[in-house]
Amino acid sequence: MATTFDKAKKNKADEFYTQLPDIEAEMRHYQEQFRGKVIFCNCDDPYESNFFKYFAMNFNFLGLKKLIATCYSESPVATKQLSLFDVKDLAVKSADAKHPYKIEITEVKDENADGAVDLADVEYLLKNGKNALTLLNEGGDFRSTECIELLKEADIVVTNPPFSLFREYVAQLVEYDKKFIIIGNVNAITYMDVFKRPLAKVKLS
Ligand SMILES: C[S@@+](CC[C@H](N)C(=O)[O-])C[C@H]1O[C@@H](n2cnc3c(N)ncnc32)[C@H](O)[C@@H]1O
């Protein structure tokens with residue numbers, strides 16, 4: 001039976017947020033693979049996640065077709081620490097601040113004409129015209145029907161998923177035949193149910 005300490009440990013690992021410099025250092029290796037693709041960050045509160053921030057700010061540079069991010073209703077920090085934008089003007093129900101939502105971005109213009117595409121431009125995009133912030137009805141769980149529909153639309157899934165659900169998370173990506181870049185414990189490559197080949201036959205370069 002899980003003790004309070006176990007739960008706290010699990011929650012802490014599940015709520016660890018990835019730093020932007022680490023994301024930038026890793027993503028630069030895949031820039032060509034991102035071109036023309038739909039990127040899905042499915043464990044990423046768009047207002048907290050540096051994965052979302054990275055892809056939003058580099059949307060044009062990477063030549064993305066679309067960026068989708070979904071947040072999870074059970075996240076203890078969801079919609080609380082609005083570090084990326086101020087959402088109060090957006091289509092989030094103010095009376096239900098923990099209501100999960102998705103953000104879909106298909107165009108990022110330099111709306112404030114400062115010569116750089118930054119988060120102010122993405123904020124403008126969300127507040128005007130193509131406001132692509134939509135409430136989710138099923139909690140934002142990556143296994144929910146509406147998130148699976150988004151997964152089907154995606155070419156590449158990029159995130160740091162909850163550690164406690166890692167096997168299930170990868171199994172779903174494999175089931176839907178998705179390319180993915182995810183952060184996991186180094187021991188994960190030994191999981192037989194995740195990577196169907198024995199470790200000895202996995203070529204490490
Ligand atoms: C390790 S944190 C990483 C957050 C973010 N991806 C990042 O890298 O900064 C894992 C995230 O997954 C969320 N999460 C936990 N269970 C989930 C589920 N069943 N479906 C979707 N997201 C979930 C947590 O709320 C948390 O925000």
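Brief remarks on what is shown
- Boolean, Ser205 is farther than 25 Å from Arg35 by Cα and either part of a loop (DSSP other than H, G, I, E, B) or modelled with pLDDT of 90 or more (or both): no
- Selection within the range 152-173 - out of contact with any Leu (no Cβ under 7 Å at 6 or more places or on another chain) and either open to solvent by 80 Å² or more (accessible area, probe 1.4 Å) or not in a helix (DSSP H, G or I) (or both): Lys152, Ala154, Asp155, Ile156, Val158, Thr159, Asn160, Pro161, Pro162, Phe163, Arg167, Glu168
- Filtered by the rule that a residue be within 22 Å of Ile23 (Cα to Cα) and more than 13 Å from the ligand (Cβ to nearest atom), the range 174-185 gives Lys178, Lys179.
- The set of residues from the range 119-162 being over 18 Å from Ile39 (Cα atoms) and of a type in the set (Asp, Glu) comprises Asp121, Glu123, Glu138.
- If you go through the range 23-64 and keep only what is in a loop (DSSP other than H, G, I, E, B), more than 10 Å from the ligand (Cβ to nearest atom) and at pLDDT 95 or above, you end up with Arg35, Gly36, Lys37, Gly63, Leu64.
- Condition check for Thr134: more than 11 Å from the ligand (Cβ to nearest atom), without any contact (Cβ under 8 Å) to a residue 24 or more places away in the chain, of a type in the set (Val, Ile, Thr) and under 19 Å from Pro100 (Cα atoms): no
- Close pairs (7 angstrom Cβ cut-off, 6 or more residues apart or separate chains): among the polar types (S, T, N, Q) in the range 148-170, part of a strand (DSSP E or B) anywhere: Thr159/Cys41; Thr159/Ile182; Asn160/Ile182
- Tyr72 meets the conditions (1) within 16 Å of the ligand (Cβ to nearest atom); (2) outside any strand (DSSP E or B); (3) of a type outside the set (D, E, K, R); (4) closer than 14 Å to Glu107 by Cα in every case but one. The failed one is (4).
- Those residues of the range 129-140 which are out of contact with any His (no Cβ under 6 Å at 6 or more places or on another chain) and open to solvent by 30 Å² or more (accessible area, probe 1.4 Å), in sequence order: Gly129, Lys130, Asn131, Thr134, Asn137, Glu138
The values are calculated or read from the model by the stated rules, or taken from the named source; none is laboratory data. Computed from a predicted model, the values in this text were never measured in an experiment. Reconstructed Cβ throughout: ideal geometry from the backbone, glycine too, with neighbour counts over all protein chains shown. Each accessible area value is taken on the protein alone, full model and side chains, heavy atoms only, with ligands, DNA and RNA left out. Shrake-Rupley method; radii C 1.70, N 1.55, O 1.52, S 1.80 Å.
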